[in-house]
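Q: Below is the structure I would like to discuss, written out as structure tokens.
The values are calculated or read from the model by the stated rules, or taken from the named source; none is laboratory data. In this text the structure is predicted, and so the values were computed from the model without any measurement. Here Cβ is always computed from backbone atoms with ideal geometry, including for glycine, and neighbour counts include all displayed protein chains. Side chains are part of the model used for accessible areas, which takes the heavy atoms of the whole protein and leaves out ligands, DNA and RNA. Shrake-Rupley method; radii C 1.70, N 1.55, O 1.52, S 1.80 Å.
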Amino acid sequence: MTAALNLVALLGRTVLGLLRALGQVSLFAAEALSHLLRPPFFLRQFVRHFAEIAYFSLPVVALTALFTGMVLALQSYVGFARFNAESAIASVVVLSVTRELGPVLAGLMVAGRIGAAMAAEIGTMRVTDQIDALTTLSTDPMKYLVAPRLLAGTLALPLLVLVADILGVMGGFLVGVLKLGFVPQTFLDNAWDILQPMDVISGLVKAAVFGFVIALMGCWCGYASRGGAQGVGQATTRAVVSASILILALDYLLTAAFFS
Amino acid sequence: MSGSPRIRLRGLRKAFGAKQVLDGVDLDVATGRSMVVLGGSGSGKSVTVKCILGIITPDEGVIEIDGQDVAKLSRADRAAILDRTGMLFQNGALFDSLPVWENVCFKLLAQKRVSRAQARDVAAEALAQVGLAATVGELSPAELSGGMQKRVALARAIAARPDIIFFDEPTTGLDPIMGAVIDGLIVDCVKRLGATALSITHDMASARRIGDEAAMIHKGRIVWTGPAETLGRTGNAMVDQFANGEREGPIRMELRR
């Protein structure tokens, strides 16, 4: 009986903890967003973080998308050849990349690269009193540290995903033409015919949401970190794990909203 | 102490979980005077200053600056008070991502009181006041020694010409000579600005050098106030034990064996 009660208590504590964290993150996000509407604006901070996300993440996102498109074409060929449906490969590649793989894989790569960096930087600022110093210098830390990162994440990831879409389809095209023997024009025609504006738009909307979530979790975990180097390390891990899980969960919800 | 105090604390209480850090702090700092708050580690010195600056919200009590209860002020009025204050943090708290000159002029740049071009000159002037060359402005904080970081942090604290300045353990981690240099700079800067200063320290030599008055905080309460020059011979057993670094006395260290 006691064991059962302990189990229920543990479950209750976990759920309450999750709800508390959800409330705290929501309030944190709302406050940060309110600073985007009220001057002063720290344009330099925005530009710095936008460049960090959009430009410096480009190589890793580009390579991920290129190889994913190539693998997708190969794997699809193996499966579709059994049913003489090889001509559908271009359609599968273009739809998979634009709707799902582009935004999700770019999101996960950026979560690992940028989410971790944001949590580590803000966490270090927290444990070395730099955030308190901002307050004493008449600068709201939410306005200076968090709001520009949220905006940069939201705007930069769609650009990365646009590049990922193009390179992912190009990867599939290269494998299709050079290895599987497709006629280039036929591959492109098949891809173009199936592609609808909504396929690309839904991917870009997902990217914007994922970019916001990555920046939010990076900032929140860093901001809430305590206890020196160990605390900063834990914050970094939490930022990447929570952003990755949220990306996958939100991907399902957004896919359901767009296509069901 | 004549006239109304510049900073007035009454019944300040703050607990973190079960630990009561501040247990009714009462303190007055007169205009243009330098007050040093002494106390051991964990006695509540830093929390007191963070409450005054609005970084930590006290559970109870009144904080008045220039006769205004800061808890009752609007966001804008509180910001106006912060505009007139400077703070030197124990570890400097310089921003790693910015060069020294941007650190020094951070408040002025954030409030657009100077352009970026003017800021380099203003930073050079502030750095000169703390005995550093203008070329230091181009370095990053990570390239500076501990003493230089303290000086840059002091330059940042005074660059916007505040009339209330807080110093948190200004000489901690410095060798005695550099500690004396920093204390001298603090006294010069405070006098030049005509500012009111509140410092917290457990360095007795530093306390005597920078303080006009001193107060001792123990277990979250102010247990003594008096002239800083009398530290070590105040007649208060607790203060004298602390000031003279004696093992035996009314203050018992909580050691686990």
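Q: Would you mind telling me which numbered condition in (1) modelled with pLDDT under 95; (2) open to solvent by 10 Å² or more (accessible area, probe 1.4 Å) A:Ile89 fails?
A: The single condition A:Ile89 does not satisfy is (2).
Q: Still on this structure: Just to be sure I understand, how many residues within segment B:117-139 are under 24 Å from the mean Cα position of the chain (by Cα), surrounded by fewer than 20 Cβ atoms within 10 Å (Cβ to Cβ) and part of a loop (DSSP other than H, G, I, E, B)?
A: Residues in segment B:117-139 being under 24 Å from the mean Cα position of the chain (by Cα), surrounded by fewer than 20 Cβ atoms within 10 Å (Cβ to Cβ) and part of a loop (DSSP other than H, G, I, E, B): 1 in total.
Q: I'd like the residue in segment A:120-135 that is of a type in the set (Val, Ile, Thr) and more than 7 Å from chain B (Cβ to nearest Cβ) and, out of all such residues, is nearest to B:Phe106 (Cα to Cα).
A: A:Ile131
Q: With A:Lys143, A:Lys179 as the choices, which residue is within 14 Å of chain B (Cβ to nearest Cβ) and either closer than 30 Å to B:Ala157 by Cα or in contact (Cβ under 8 Å) with a residue 24 or more places away in the chain (or both)?
A: A:Lys143
Q: Looking at (1) closer than 30 Å to B:Ala157 by Cβ; (2) under 22 Å from the mean Cα position of the chain (by Cα); (3) charged (D, E, K, R), which is the only condition A:Asp165 fails?
A: The failed condition is (1).
Q: Moving on to the next point. Which one of these does B:Thr85 not meet: (1) open to solvent by 10 Å² or more (accessible area, probe 1.4 Å); (2) touching a residue at least 60 places away in the same chain (Cβ under 8 Å)?
A: (1)
Q: Could you say which residue among A:Ala9, A:Ala29, A:Ala4 is hydrophobic (A, V, I, L, M, F, W, C) and either within 21 Å of A:Leu157 (Cα to Cα) or open to solvent by 90 Å² or more (accessible area, probe 1.4 Å) (or both)?
A: A:Ala29
Q: Scan segment A:95-111 and give yes if some residue there is open to solvent by 30 Å² or more (accessible area, probe 1.4 Å), away from every other protein chain (no Cβ under 14 Å) and within 17 Å of A:Ala152 (Cβ to Cβ), otherwise no.
A: Yes, some residue in segment A:95-111 is open to solvent by 30 Å² or more (accessible area, probe 1.4 Å), away from every other protein chain (no Cβ under 14 Å) and within 17 Å of A:Ala152 (Cβ to Cβ).
Q: Additional query: Answer with yes or no whether A:Gly23 is closer than 21 Å to A:Ala235 by Cβ and among the small types (Gly, Ala, Ser).
A: Considered against the rule, which asks whether it is closer than 21 Å to A:Ala235 by Cβ and among the small types (Gly, Ala, Ser), A:Gly23 comes out as yes.
Q: Of the conditions (1) of a type in the set (A, V, I, L, M, F, W, C); (2) more than 8 Å from chain A (Cβ to nearest Cβ); (3) open to solvent by 30 Å² or more (accessible area, probe 1.4 Å), B:Leu108 fails just one. Which one is it?
A: Evaluating B:Leu108 over (1) of a type in the set (A, V, I, L, M, F, W, C); (2) more than 8 Å from chain A (Cβ to nearest Cβ); (3) open to solvent by 30 Å² or more (accessible area, probe 1.4 Å) leaves (3) as the failure.
Q: Filter segment A:13-26 for residues that are hydrophobic (A, V, I, L, M, F, W, C), open to solvent by 60 Å² or more (accessible area, probe 1.4 Å) and within 22 Å of the chain's Cα centre (by Cα) and give the result.
A: A:Leu18, A:Leu22
Q: For segment A:189-201, state whether one or more residues are buried (at least 17 other Cβ atoms within 10 Å of the Cβ) and in contact with a Pro (Cβ under 9 Å, 6 or more places away or on another chain).
A: Checked segment A:189-201: no residue is buried (at least 17 other Cβ atoms within 10 Å of the Cβ) and in contact with a Pro (Cβ under 9 Å, 6 or more places away or on another chain).
Q: Anything in segment B:198-226 that is under 15 Å from the mean Cα position of the chain (by Cα), more than 18 Å from B:Arg6 (Cα to Cα) and assigned to a loop (DSSP other than H, G, I, E, B)? List them, or say none.
A: B:His202, B:Asp203, listed by residue number.
Q: Separate question: Return the residue satisfying two criteria in turn: it lies in segment B:227-257 and is among the acidic types (Asp, Glu) and assigned to a loop (DSSP other than H, G, I, E, B), and of such residues it is most open to solvent (accessible area, probe 1.4 Å).
A: B:Glu254
Q: Does A:Arg149 satisfy being more than 12 Å from every other protein chain (Cβ to nearest Cβ), of a type outside the set (Gly, Ala, Ser) and touching a residue at least 60 places away in the same chain (Cβ under 8 Å)?
A: Yes: the conditions hold for A:Arg149.
Q: Scan segment B:163-173 and give yes if some residue there is open to solvent by 10 Å² or more (accessible area, probe 1.4 Å), over 15 Å from the mean Cα position of the chain (by Cα) and closer than 24 Å to B:Ile55 by Cβ, otherwise no.
A: There is at least one residue in segment B:163-173 that is open to solvent by 10 Å² or more (accessible area, probe 1.4 Å), over 15 Å from the mean Cα position of the chain (by Cα) and closer than 24 Å to B:Ile55 by Cβ.
Q: Under the condition of being in contact with a strand residue (DSSP E or B) (Cβ under 6 Å, 6 or more places away or on another chain) and surrounded by fewer than 18 Cβ atoms within 10 Å (Cβ to Cβ), which residue from segment B:53-68 is nearest to B:Gly17 (Cα to Cα)?
A: Checked segment B:53-68; the qualifying residue nearest to B:Gly17 (Cα to Cα) is B:Asp59.
Q: To continue, here is another question. Taking the options B:Ile177, B:Ile186, name whichever one is more than 12 Å from chain A (Cβ to nearest Cβ), assigned to a helix (DSSP H, G or I) and within 27 Å of B:Ile52 (Cα to Cα).
A: Checking each option against the conditions leaves just B:Ile186.
Q: Restricting attention to segment B:15-22, does a residue exist that is open to solvent by less than 50 Å² (accessible area, probe 1.4 Å), modelled with pLDDT under 95, among the β-branched types (Val, Ile, Thr) and in contact with a Gly (Cβ under 6 Å, 6 or more places away or on another chain)?
A: So far as segment B:15-22 goes, yes, one or more of its residues are open to solvent by less than 50 Å² (accessible area, probe 1.4 Å), modelled with pLDDT under 95, among the β-branched types (Val, Ile, Thr) and in contact with a Gly (Cβ under 6 Å, 6 or more places away or on another chain).
Q: Among A:Arg238, A:Arg226, which is the only one that is in a helix (DSSP H, G or I), open to solvent by 60 Å² or more (accessible area, probe 1.4 Å), under 30 Å from A:Val146 (Cα atoms) and touching a residue at least 12 places away in the same chain (Cβ under 8 Å)?
A: A:Arg238
Rundown of residues vs (1) of a type outside the set (A, V, I, L, M); (2) closer than 30 Å to B:Arg156 by Cα; (3) touching a residue at least 40 places away in the same chain (Cβ under 8 Å); (4) buried (at least 23 other Cβ atoms within 10 Å of the Cβ), yes/no style:
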residue	(1), (2), (3), (4)
B:Thr201	yes, yes, yes, yes
B:Asp212	yes, yes, yes, no
B:Ala215	no, yes, yes, yes
B:Thr225	yes, yes, yes, no
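Q: Could you please find all residues in segment B:46-85 being more than 10 Å from every other protein chain (Cβ to nearest Cβ), of a type in the set (S, T, N, Q) and under 16 Å from the mean Cα position of the chain (by Cα)?
A: Correct list: B:Thr48 only.
Q: Another question, then. Count, please, the residues in segment B:88-97 that happen to be surrounded by 16 or more Cβ atoms within 10 Å (Cβ to Cβ) and more than 7 Å from chain A (Cβ to nearest Cβ).
A: Number satisfying all stated conditions: 4.
Q: Suppose we keep only residues that are within 14 Å of chain A (Cβ to nearest Cβ) and charged (D, E, K, R) within segment B:132-162. Which one would you say is nearest to B:Val104 (Cα to Cα)?
A: That would be B:Arg156.
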